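The values are calculated or read from the model by the stated rules, or taken from the named source; none is laboratory data. As the structure is a prediction and not an experimental result, all values here were calculated from the model. Note: ideal-geometry Cβ built from the backbone for every residue, glycine included; neighbour counts use all protein chains shown. For the accessible areas, the whole protein counts, side chains as well, though only heavy atoms, and no ligand, DNA or RNA atoms are used. Shrake-Rupley method; radii C 1.70, N 1.55, O 1.52, S 1.80 Å.
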Amino acid sequence: METFDVVILGAGIVGAACAHECASAGMRVGVVEPGVPAGAASAAGMGHLVVMDDSPAQLALSHYSRELWRDLRNSLPSGVEYEECGTLWIAADAEEMAEVFSKQQRYLRSGIVCEAFDELALREAEPNLRPGLPGALRVPNDGVIYPPAAGAHFLSSAERQGARLFRGKAAVSAAHGEVVLEDGTRLIAGRIVIATGVDTRLCRWLNLRPRKGHLVITDRYPGIIRHQLVELGYLKSAHNLDGDSVAFNLQPRKTGQLLVGSSRQFGALGTKAEPEVLRRMLDRANEYVPALRSLLAVRVWTGFRAATPDKLPLIGPTTDPSVLVAMGFEGLGITNAPAAARLVLHHLTGAHLPIDPTPFLPNRTRALEAQYA
């Protein structure tokens, strides 16, 4: 039986970031991962580091976390493929162009560098977009990473600082300062952090819902686009809590490949790609960048995001004083991993935070359940 200051369940990018922060703070850390570290939702994500403003709390969290990524960029290994390509939020009509200016003002009030592009400026920035788009909002400090490598970096950093990885066996219980693994191994923990993505077997009371997504990656075609391109209608898609939805989201990779998204589905539990959803997603992408029609796709995959009704993650203590959670990030787990780790460290040690942790506390979950009813 081993004793730790904190045992973290899950070595996806959020759990790995938590391990890194706790080990860096001098804590004795254990990490339990039954599968491949950063091999589930982290491996399936796009790796877009993006400020999102669908609520004031999400704006604060994602801005804080994106800046933490920027602080880390010079220390990240080359395999993380960090690139500050910026995001273009693309307007398709006059109504969405009005939202460009509204979004710009919200960002500027929060100290986020951005600029509005008219039709000509957008055409110059991204000549392969279809003609006639009225403009976009450019957020130049958004970036892109390769999530599995970023998760591996955080985890190896924690291990270099003394963290112990328990790999290949799942936790079957985690309560009252004790974690029991499926082989009977018992780990004594001052605190336990559950960061297991869509696997809620140890925290069913959170009432998270898995949301399936599809992605496609092309062969190498450097120079087709320069920015991460996202339609403003993406936010409507992300907020749809009922039916299936698709939205245009296209990412340039350092390899010269293009990563094409995105789709969202509740209630679809199979891991196989669904031809109809894939067709709708690619048709949407082709509408914005017609040149995609002639490119070769080399891989299609799916993944699951753990979603909450209010689109905010659950980070903090539970009714068991020994247990914290860091769950429910949906499509922003990659962006928000460093900030989530700082919030966890705050709850463990009282470390200073520049943002309010209250909106992310798990004790709001019962109030949220009615939104899923």
Those residues of region 214-231 which are touching a helix residue (DSSP H, G or I) at 6+ places or on another chain (Cβ under 9 Å) and either polar (S, T, N, Q) or at pLDDT below 95 (or both) amount to THR218
Residue, nearest to PRO56 (Cα to Cα), within region 80-114, restricted to residues that are part of a helix (DSSP H, G or I) and in contact with a Gly (Cβ under 8 Å, 6 or more places away or on another chain): VAL100
Would you be able to tell me the number of residues in region 183-195 that are in contact (Cβ under 8 Å) with a residue 40 or more places away in the chain and either loosely packed, with under 14 Cβ neighbours inside 10 Å or in contact with a Pro (Cβ under 9 Å, 6 or more places away or on another chain) (or both)? 3
More than 25 Å from LYS212 (Cα to Cα) and outside any loop (DSSP other than H, G, I, E, B): does that describe HIS346? yes
Out of GLU287, GLU330, I need the residue that is on the phi > 0 side of the Ramachandran plot, open to solvent by 10 Å² or more (accessible area, probe 1.4 Å) and of a type outside the set (Ser, Thr, Tyr). Which one? GLU330
Would you check if there is a residue in region 115-126 being outside any loop (DSSP other than H, G, I, E, B), within 17 Å of GLN228 (Cα to Cα) and in contact (Cβ under 8 Å) with a residue 60 or more places away in the chain? yes
Testing TRP205 on (1) under 30 Å from PHE4 (Cβ atoms); (2) open to solvent by 10 Å² or more (accessible area, probe 1.4 Å); (3) at pLDDT 95 or above, one condition comes back false. Which one is that? (3)
Just one listed residue, out of ILE355, ILE315, is surrounded by fewer than 22 Cβ atoms within 10 Å (Cβ to Cβ), at pLDDT 95 or above, farther than 30 Å from ILE217 by Cβ and β-branched (Val, Ile, Thr), and it is ILE355
Taking first residues from region 1-13 that are open to solvent by 10 Å² or more (accessible area, probe 1.4 Å) and second residues anywhere that are assigned to a helix (DSSP H, G or I) and modelled with pLDDT under 95, the pairs with Cβ under 8 Å that are 6 or more apart or on different chains are GLY12/ALA41; GLY12/SER42
